[in-house]
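Written out below as structure tokens is the structure these notes cover.
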Amino acid sequence: MGDTAAPDDGSAGLPTDLSVLEPMLGSWSGTSSGVFGTAKLERTCEYVLDRRFIRVATRSVSDDEVHEDIGFFSYDNERKTLVFREFHNEGYVNHYVLVGAQDGVLTFDSEHIENPYDPTLRARTVITLGSPPSETLELSTNGKPLRVCVSVELHRRG
């Protein structure tokens, strides 16, 4: 995994490059469950554009809905942290910043959401880099506490 930042730069213990995300690379299948129901999903994660970004393409299918999103992880040298931008077929875009990294668990909080269904919406994505990786999506509106809305379990394909 990648180096960690020096303690005196304000980002102690946070990854300093994309290599911490390498356990996510590859093709995955799995399930998502939560307040929006259950779905089967397929995901591909890969380095793109001279390995400066990791692209995450997800397609999930439930009984009544097809959801697609494409995300890009990058490392912001100026802020010395990972950022994640996630584009959804419903038209909204989540801009996340890494706020915590401990014991293989990465926590990304939204810093901006384009076209939210509620202007007070906040989001948090928590990625556990286990074998296999998993993640949760937590949402909040109107200043209420975040709550888990979707949990994703993945298994490597092929």
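Just a few scattered comments:
- Cα-based shape type of segment 19-158, given that a ≥ b ≥ c are square roots of the gyration tensor eigenvalues and the cut on a/c is 1.5: rounded
- DSSP loop chymotrypsin sites (Phe, Trp or Tyr not before Pro) with at most 14 other Cβ within 10 Å excluded, longest remaining stretch of the chain: 37-116
- Taking 19 Å as the cut-off, the amide N atoms of segment 140-158 that come nearer than this to a point 7 Å along the Cα-to-beta-carbon line of Q102 belong to 146-148.
- For the chain, built as a Gaussian network whose Cα springs stay under 10 Å, the top-fluctuating residue of K144, K80, K40: K144
- For segment 44-79 versus segment 93-147, the inter-centroid distance based on Cα atoms is 14 Å.
- Gyration tensor (alpha-carbon) shape descriptor, segment 82-129, a/c threshold 1.5: prolate
- With DNA, RNA and ligands ignored, accessible area of I113 (1.4 Å probe; Å², nearest 10): 20
- For T16, residues with placed amide H under 5 Å, excluding near neighbours: D3, A5
The values are calculated or read from the model by the stated rules, or taken from the named source; none is laboratory data. Note that this is a predicted model, so its numbers are computed, not measured. Virtual Cβ from ideal backbone geometry, glycine too; neighbours counted across all protein chains shown. These area figures cover heavy atoms from the full protein model, side chains too; ligands, DNA and RNA do not enter into them. Shrake-Rupley method; radii C 1.70, N 1.55, O 1.52, S 1.80 Å.
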